[in-house]
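In what follows, a single structure is set out as structure tokens and then discussed.
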Amino acid sequence: MKAVIMAGGLGKRLKPFTQIIPKPLLPVGEKSILEITIHKLKEQGFTEVILAVYYRSDLFESYFGDGSKFGLKIRYTKEKERLGTAGPLKLATEFLEEPFLVANGDILVNMKFTELREFHLANDADFTLVTKTIQMPLHYGVVEKKENRIQSIKEKPVVEAEVSAGIYFMSPDVLDYIPANQAFPMTDLMRALIADKRSVLAYPLEGYWLDIGQLSDYERAQDDVTKGLI
């Protein structure tokens, strides 16, 4: 089984930490964010990981090498220019001859990737998106009205939404929809597949998931590792 980890982001929202170290290489407990994911992939039977890198690609190669010390093979694809959230996959086309996992390099998750693979294959999907239901507190009073007459007001309600978890399972021919050598977002890839009536499915995630986008998320990750949640 093969996985592609998207690790080319600049991590601007986590500066100054990412001024020198790419976000996936930031330590969480005794391991880096990316190392935690790679260990999980190894434990679940994945044999090859492709790291899609851009910013400070040399550090990734120094840290992970060919993957032998982690018990699997690691390859690298390197963007010369930013290719968006889906564009880097095009660089790995020659290595992806079977359905494969894709995951963002800045997330922490507890899930059975093998069950995601089984779901994808059993449903004959072309593209499977892992989703996570999250709750977002609003910091304002939300007004409900009819014309200009206020019907009610809810003070700082919690809004629930199902969002992309930054984890996908794809069939190889999906890569045909990605243009070469230009930025292409994952949302555009999904739109193109849906427009072409390909099978694009959702796989709801019930377990632990954290997108480390901001400093508060990074601090939470450190706490969660201490608690044994990851």
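Some notes on this structure:
- Any hit, the stretch 165-188, residues being part of a strand (DSSP E or B), loosely packed, with under 11 Cβ neighbours inside 10 Å, modelled with pLDDT of 90 or more and among the small types (Gly, Ala, Ser): no
- Some residue of the stretch 132-149 being touching a Leu at 6+ places or on another chain (Cβ under 8 Å) and under 27 Å from VAL28 (Cβ atoms): yes
- Given (1) assigned to a helix (DSSP H, G or I); (2) closer than 21 Å to HIS39 by Cβ; (3) at pLDDT 95 or above; (4) not aromatic (Phe, Trp, Tyr), number of the condition ARG220 does not satisfy: (3)
- Members of the stretch 21-57 that are out of contact with any helix residue (DSSP H, G or I) (no Cβ under 9 Å at 6 or more places or on another chain) and either of a type in the set (A, V, I, L, M) or at pLDDT below 90 (or both): SER57
Let's see how each residue does on (1) part of a loop (DSSP other than H, G, I, E, B); (2) β-branched (Val, Ile, Thr):
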position: SER62; (1), (2): no, no
position: THR77; (1), (2): no, yes
position: LEU83; (1), (2): yes, no
position: ALA92; (1), (2): no, no
position: LEU101; (1), (2): no, no
position: THR114; (1), (2): no, yes
position: GLU118; (1), (2): no, no
position: LYS132; (1), (2): no, no
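- Scanning the stretch 150-164 for residues that are basic (Lys, Arg) and either assigned to a strand (DSSP E or B) or modelled with pLDDT of 95 or more (or both) gives a single hit, LYS154.
- Unmet criterion (only one of (1) of a type outside the set (Ser, Thr, Tyr); (2) at pLDDT 95 or above; (3) part of a strand (DSSP E or B); (4) surrounded by fewer than 13 Cβ atoms within 10 Å (Cβ to Cβ)) for MET136: (2)
The values are calculated or read from the model by the stated rules, or taken from the named source; none is laboratory data. Source: prediction; values computed, not measured. Virtual Cβ from ideal backbone geometry, glycine too; neighbours counted across all protein chains shown.
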